[in-house]
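**Student:** Below is one structure. I have some questions about it.
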Amino acid sequence: MTAPDIILRTEYLSKRYKDRWAVRDLNLVIPRGEVFGFLGPNGAGKTTTIRMMVGLISPSSGSASINGLDIHRDPLNALKCVGAIVETPAFYGYLTGRENLRLLGKLSGGVNESRIDEVLKMVGLLDRGGDRVKGYSQGMRQRLGIAQALLSNPELVILDEPTNGLDPSGMIDIRRLIKRLSAEQGITVFLSSHLLYEIEAVCTTVAVINEGVLMAQGPVNELLKKELVTLEVRVSDKGKAKEVLRGLDFINSVDEENGGLVLKTRGTHAALVNKMLVEAGVEVSALMPREASLEDFFLKLTGASTGDRA
Amino acid sequence: MLERILTLTKMELYKLSRQKYSYLLMLFVLLNAVLVGAGSRIFPALISAMRGGGGVVFDGYTFASIIASGTFSSAGAGTIAMLAFSGQMVAAETDSGTLKNILVRPVRRQEFIIAKAAALLVYCLLVVLLIGILSAIAGATFYNMGDISIPETGEVFRTRGEMLGNLGISYALDLFSIYTVGCMGLFLSVLINNAGWAVITSLVVYFPIMFLKNFDFFGAWIFPSYMDMGQNILREMAVVKSKSWTPDIYSFFAVTVLTIVFFLVLSLIIFRRKEIQ
């Protein structure tokens with residue numbers, strides 16, 4: 001990948017607090033136009049990484065660059081094309097949402113009233129823009145945070161857990177908005193989240209971080225979806241079903257659990273499993289995929305890497 | 001760079017104009033100016049004692065009484081208000097997280113601090129101007145604002161115009177004094193992340209420094225020694241014909257300007273390296 005194709009890059013980015021590494025030797029490459037997921041549990045080092053990426057804190061070693069410009073050597077030029085939310089968005093409560101955006105717009109430059117209207121509309125706050133922020137709910141503040149990140153038509157938007165505090169419909173709206181920003185405006189989005197399904201739903205590429213260390217990085221459909229899918233099956237004859245299922249090459253394991261069977265399959269083969277069982281004369285009363293938890297995912301990654309080392 | 005500093009300063013001033021806190025502190029100082037002016041007419045001995053006059057009431061000292069009521073507010077209430085104001089200027093932004101919104105934009109950290117210092121100067125100027133106007137109104141209401149003459153001979157030794165000029169100089173010195181205090185508050189505000197603690201620390205730190213002025217060794221070198229210098233010289237001018245601003249004003253400027261530069265440079269250095277969590 002050539003340099004112009006990469007909008008954000010970190011090289012051996014590390015942050016150490018006293019005797020603890022918050023982030024260690026992080027090498028990320030974020031291609032232009034991608035929705036890049038940054039996945040990790042709480043305390044994994046996601047926000048520390050973002051803080052270093054936008055120059056709020058200095059790395060202990062390593063570097064972060066935006067459009068080839070080192071964020072710590074040339075922050076003024078590096079940040080020109082960036083919009084960001086770092087943790088919970090905060091605003092001046094005694095000012096209205098619109099006034100807050102107006103002030104921040106002046107700092108970014110080139111932001112007029114129609115752009116403010118546009119971003120308020122994008123996040124669904126056009127009607128409430130004239131209200132003081134101190135009266136906003138957590139979700140509204142989160143939306144205003146996204147609006148301020150989009151104000152200056154950035155090439156790169158860095159969003160740190162943007163759906164925190166939102167209700168389910170708000171979460172869906174924000175995810176749609178992120179997809180739209182990438183698809184329609186070509187904006188690169190760096191999305192930090194601890195929600196596996198959020199990353200799967202929105203992102204094209206993902207990096208997984210745990211305890212400050214990068215565990216994996218790659219396209220979402222390769223990295224997350226190649227993982228084993230868990231299916232729960234309720235059948236009339238468990239013994240016969242086991243026999244049938246163990247003969248299938250895409251089935252990794254078959255176990256009994258809570259009166260049913262739990263299958264690990266490589267890829268999504270629910271329809272095929274159902275067909276094979278029915279053809280073998282086994283009555284299927286329920287067949288459902290089990291959502292993989294982030295913990296499971298990490299366990300798999302850790303297990304895999306342990307295995308690799310061994 | 002200048003353009004960004006100007007934008008940031010305008011932003012600061014706009015925020016100040018919309019915050020109740022700025023008005024409340026100003027009201028506190030101005031009420032003090034009016035009340036001390038009125039009080040010095042109604043309870044002259046008490047107010048004289050409060051000003052450090054030892055309860056002595058000067059006859060024919062009318063112009064200076066008015067002026068002193070205003071400068072008293074600058075030196076006392078103005079100092080407290082300025083510490084409470086400047087102590088939260090940066091800390092409140094760090095504390096609430098609004099600082100991050102600013103620093104993730106193409107803005108240099110030193111520009112942010114310079115803009116804060118500029119906004120602080122404008123606020124100090126407003127406070128001093130309003131104290132001046134109010135104390136003059138209080139003076140015109142409670143005292144005679146005429147020439148100052150020797151009671152026994154009736155000889156005029158300070159004309160009204162001359163005293164008004166001196167009043168202007170006195171308030172200009174007050175501006176420097178309270179700005180110095182403000183810069184100390186700003187420095188502590190950079191150092192401490194919690195707004196409440198930053199204000200309390202500013203107030204707590206100031207008074208021991210002020211106490212040091214009682215010692216000869218420190219007295220000449222620390223800025224609290226010069227806080228009420230304008231008022232004191234003005235009062236002396238009202239009773240001593242030969243009193244002038246020089247040479248005291250030289251040491252005043254040397255200490256206050258150096259202190260302002262010291263706190264601002266230190267604020268810039270610390271803020272540049274500060275980790276914004």
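The values are calculated or read from the model by the stated rules, or taken from the named source; none is laboratory data. On a predicted model such as this, the values are computed, not experimentally measured, just so you know. All Cβ positions, even for glycine, are placed from backbone atoms using ideal geometry, and neighbour counts span all protein chains on display.
**Student:** Can you tell me which of (1) outside any helix (DSSP H, G or I); (2) surrounded by 21 or more Cβ atoms within 10 Å (Cβ to Cβ) is the one residue A:165 doesn't meet?
**Tutor:** All conditions are met except number (2).
**Student:** Counting just the residues of segment A:26-63 that are within 14 Å of chain B (Cβ to nearest Cβ) and farther than 26 Å from residue A:297 by Cβ, which one comes out nearest to the chain's Cα centre (by Cα)?
**Tutor:** Taking the candidates together, the pick is A:54.
**Student:** Could you please find all residues in segment B:252-277 being within 14 Å of chain A (Cβ to nearest Cβ) and either in a helix (DSSP H, G or I) or not charged (D, E, K, R) (or both)?
**Tutor:** Residues satisfying the conditions are B:270, B:271, B:272, B:273, B:276, B:277.
**Student:** Out of A:134, A:80, report the one residue that is facing chain B (nearest Cβ under 9 Å) and charged (D, E, K, R).
**Tutor:** Answer to the check: A:80.
**Student:** Taking segment B:199-227, which residues are in contact (Cβ under 8 Å) with a residue 60 or more places away in the chain, surrounded by fewer than 23 Cβ atoms within 10 Å (Cβ to Cβ) and within 16 Å of residue B:259 (Cβ to Cβ)?
**Tutor:** B:206
**Student:** Looking at the structure I just gave you, is residue A:145 at pLDDT below 90 and either over 20 Å from the mean Cα position of the chain (by Cα) or within 14 Å of chain B (Cβ to nearest Cβ) (or both)?
**Tutor:** For residue A:145, the condition - at pLDDT below 90 and either over 20 Å from the mean Cα position of the chain (by Cα) or within 14 Å of chain B (Cβ to nearest Cβ) (or both) - is not met.
**Student:** Return the pairs, sorted by first residue and then second, in which the second residue is among the aliphatic types (A, V, I, L, M) and part of a helix (DSSP H, G or I), the first residue lies in segment B:21-37 and is in contact (Cβ under 8 Å) with a residue 24 or more places away in the chain and more than 18 Å from residue B:174 (Cβ to Cβ), the beta carbons are less than 6 Å apart, and the residues are 6+ apart or on different chains.
**Tutor:** B:22/B:16
**Student:** In this structure, is residue B:117 away from every other protein chain (no Cβ under 13 Å), among the small types (Gly, Ala, Ser) and within 30 Å of residue B:172 (Cβ to Cβ)?
**Tutor:** So residue B:117 passes the test.
**Student:** Also: Among the residues of segment A:212-238, count how many are among the acidic types (Asp, Glu), outside any strand (DSSP E or B) and modelled with pLDDT of 85 or more.
**Tutor:** Residues flagged as among the acidic types (Asp, Glu), outside any strand (DSSP E or B) and modelled with pLDDT of 85 or more within segment A:212-238 amount to 1.
**Student:** Now a separate question. Would you check if there is a residue in segment B:148-161 being part of a helix (DSSP H, G or I) and away from chain A (no Cβ under 14 Å)?
**Tutor:** For segment B:148-161, residues part of a helix (DSSP H, G or I) and away from chain A (no Cβ under 14 Å): present.
**Student:** Here's a follow-up. Would you confirm whether any residue within segment A:189-198 is in contact with a helix residue (DSSP H, G or I) (Cβ under 9 Å, 6 or more places away or on another chain), of a type outside the set (D, E, K, R), outside the structural domain of residue A:159 (by TED's automatic domain parsing) and surrounded by 21 or more Cβ atoms within 10 Å (Cβ to Cβ)?
**Tutor:** No, every residue in segment A:189-198 fails to be in contact with a helix residue (DSSP H, G or I) (Cβ under 9 Å, 6 or more places away or on another chain), of a type outside the set (D, E, K, R), outside the structural domain of residue A:159 (by TED's automatic domain parsing) and surrounded by 21 or more Cβ atoms within 10 Å (Cβ to Cβ).
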